[in-house]
Structure formats: structure tokens, C-alpha cells
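This report concerns only the one structure given below.
Derivation of every value follows stated rules applied to the coordinates shown; laboratory data play no part. None of the values given here were measured: they were computed from a predicted structure. We place every Cβ from the backbone using ideal geometry, glycine too, and count neighbours over all the protein chains shown.
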Amino acid sequence: MTKVLNILTIDVEDWFHICALDNGNDKIENWHKYKTRVIDNTDKVLRILKGNNTKATFFFLGWIVEQYPQLVMRVKEEGHEIATHGYAHKLVYKQTPAEFFEDLKKSIEIIEGIAKIKVLGNRSAGFSITEKTPWAFDMIAKAGLQYDSTVFPASRGHGGFVGAAKNIHIIKTKLGNLTEIPIPVINVMGREIAFSGGGYLRLFPYWFIKNSIAQLNKQGTPVVVYVHPRDFDLHQPRMKMPLGRRFKSYINISTTENKFKALLCDFDFVPIKEVIGIEGKNL
């Protein structure tokens, strides 16, 4: 039986890049007021990956690359795939198609201009491509990308695409085919539950995460794991937010590193481009 290669992804954003809060943090003009922690936190992730001889796909905010070009260069030098997370961390469904395209294109131009690599894929903020924004796939293809990993095929606080295909699949757009790599969900008592990244990874016990990945791998399905550098940062400042959002944002940060290391020991992970069979190139 062929061993399934799972997918490891890192969404490179800072501790204050939390979606859909009413405290002004989502306004880009306020971001310079905050002291960055993304460099040290990403360094920690890179050290863990190097220690386990594992490569990943790093979805960079264009704003991060613009502010800290040395960070994307280090990720490139260590042999990881570099993709885009948009420029300003805006939810897709709060933008017009034109606004979304311009934000995406800006991020690609910044990343390619600094890292001198061809950007192949996208992940939009908050998994916010929904059944009401199918135009986003056309805009991603228009921007010259080959794949997307935004679809979250279940309901969630913001974003979520209920009824979307759960396996890697091809989306036919007006501008060509786009490969979609959705976030995995597993059925528990009739409910579709995510388990493999962000707050879900921090919330659930490791045995549940491990068993869920193994179950999907038995079916031949690669599992996408995603983390943010801030998921490893126990001492990050806490944003003001409603109690429920605070719980989701900061629950069990102390467990992330050990769970992450355990996953790298128990399963095989590669960047997205290796699973879907596309080649990156320098510019």
C-alpha cells in the first residue's frame, strides 16, 4: 500500500492579524503601531521543520513580505514553497471581485519581486471563499495562479463553504482550471468537524487529531495541516475581543509545539506543489 503524503502549510501573519474584529486591528493603517513577533515565531517553526527534515508551503501575507523581506528570503533559502495569503488579510466576502483581485495581485507582485520565485498558489484570509463568492476562483485564475487552498467545506464563524467537495479537485473557471486543496473535515456524530489546524489543532487532543488523519489517509486522502506562527507564541499580547473569539484565538497555545512535532514524527508531510505535481521556478 502506497504511503499517503500529507500537506503541511504555514500561514505567515502576525499576532494582530485576527479576522473580523471591531477593534481596528483589521485596518492596515493601524498595523505599524504593533510590535512584530512574526520573525521570531516563524524562526521557531523553521527550526522545528529543519530538525525534522520537512518542507512546507508558506502562505505569506504580502504586507509581511513588504515589511520583512529577510523573512521570505530565509524561507526560500531553506527550500520551502512560497505562496500568497493576499496582501491585507481581508475576508473575501467583504470585498468586491475587483478589490479582491487587486489585493491578490499586489501580494503576488511583492512576493515575486522580492523572493524572485513564481507564486503558484493562494490561501485567502479566514477561509472566506463561500458559496456566495464563487467569482473568487475566477479572480485567482486571472491572477495567474494554479491552485487555491481556501475552501473550508463546513460551517464556521466566518468563511466556510457548506457542501463544497472535500477532496482535492479541479475547479473550471472562465480563465482555465484551478486545483482546489480544501481543509479536511471528519464526520463526528453527523457533524463535519475540522481538526488539523489553527484553533482546531490547539483545541482537540492529539489522539483525536492523529486518528482523524490516519482515517482519511486509509481512504487515500492527503490531509492539509495548517498553523500560524502565532500558534506557537504563548507570550503574545492578547487582543480585545468577545469571550468566544478569545477562547478560539488563544486556547491551548502551550500544546501547539508538542502536537506539531508529534505530527512530523507520525506522518509524512510535503508542500502542496509536490502533492498536485506542479513545478516551482525562479524568476
For a distance above 27 Å, tell me the whole-number percent of Cα pairs in the chain that qualify. 34
Starting from the Cα-Cα distance between SER155 and TRP207, subtract it from 0.36 nm times their residue separation and give me the gain in nm to one decimal. 16.3 nm
Relative to the present Cα-Cα distance, how much length would full extension add between ASN252 and LEU283 at 0.36 nm per residue of separation? 7.1 nm
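Could you tell me the calculated FRET efficiency between LYS50 and LYS132, based on Cβ-Cβ distance and R0 = 41 angstrom, to the nearest 0.05?
Working: r = 41 Å, r/R0 = 1.00.
Plugging the Cβ-Cβ distance into 1/(1 + (r/R0)^6) gives 0.50.
Cross-link list LYS27/LYS166; LYS55/LYS116; LYS94/LYS142: which exceed 24 angstrom alpha carbon to alpha carbon?
Working: LYS27/LYS166 33 Å; LYS55/LYS116 19 Å; LYS94/LYS142 19 Å.
Check vs 24 Å cut-off fails for LYS27/LYS166.
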Could you name the aspartates and glutamates in cross-link range of LYS281, using Cα to Cα under 20 Å and dropping any fewer than eight places away on the same chain? GLU77, GLU78, GLU81, GLU109, GLU112, ASP148
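Assuming 0.36 nm per residue, please report the length gained on full extension of the stretch ASN30 to LEU234 beyond their Cα-Cα distance.
On the way: separation 204, 0.36 × 204 = 73.44 nm, distance 2.32 nm.
Fully extending the segment from ASN30 to LEU234 adds 71.1 nm.
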Sequence neighbours fewer than 8 away in the same chain don't count; with that in mind, list the aspartates and glutamates whose C-alpha is under 18 Å from LYS259. ASP11, ASP43, ASP231, ASP233, ASP268
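Going through region 75-171, which trypsin sites (Lys or Arg not before Pro) have at most 12 other Cβ atoms within 10 Å and a DSSP loop state? Display every interim value, and only then the final one.
On the way: sites: LYS76, LYS90, LYS94, LYS105, LYS106, LYS116, LYS118, ARG123, LYS132, LYS142, ARG156, LYS166; in loops: LYS90, LYS116, LYS118, ARG123, LYS132, ARG156, LYS166.
In loop regions of region 75-171 (DSSP not H, G, I, E or B), the sparsely surrounded trypsin sites (Lys or Arg not before Pro) are LYS116, LYS132.
Return the Rg/Rh value of region 1-81, two decimal places, where both radii are evaluated on C-alpha atoms and Rh is the Kirkwood radius.
On the way: Rg = 14.9 Å, Rh = 14.2 Å.
Ratio of gyration radius to Kirkwood radius for region 1-81: 1.05.
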Model label zone, GLU274; criterion: amide N under 16 Å from point 7 Å along Cα-to-beta-carbon; scope region 168-212: none
Using the Karplus equation 6.51 cos²θ - 1.76 cosθ + 1.60 (θ = phi - 60°), what ³J(HN,Hα) coupling, rounded to whole Hz, does each residue of region 78-89 give in order, writing x for Gly and Pro? 8, x, 8, 7, 10, 10, 9, 10, x, 8, 10, 6
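Would you calculate a helix-derived [θ] at 222 nm for the chain, using -39,500 (n - 2.57) for each DSSP H run of n ≥ 4 and dividing by the full residue count, to the nearest 500?
The helix contribution divided over the chain gives -10000 deg cm²/dmol.
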Residue-by-residue Karplus 3J(HN,Hα) for region 235-241, coefficients 6.51, -1.76, 1.60, Hz, glycine and proline x: 9, 5, x, 9, 6, 6, 6
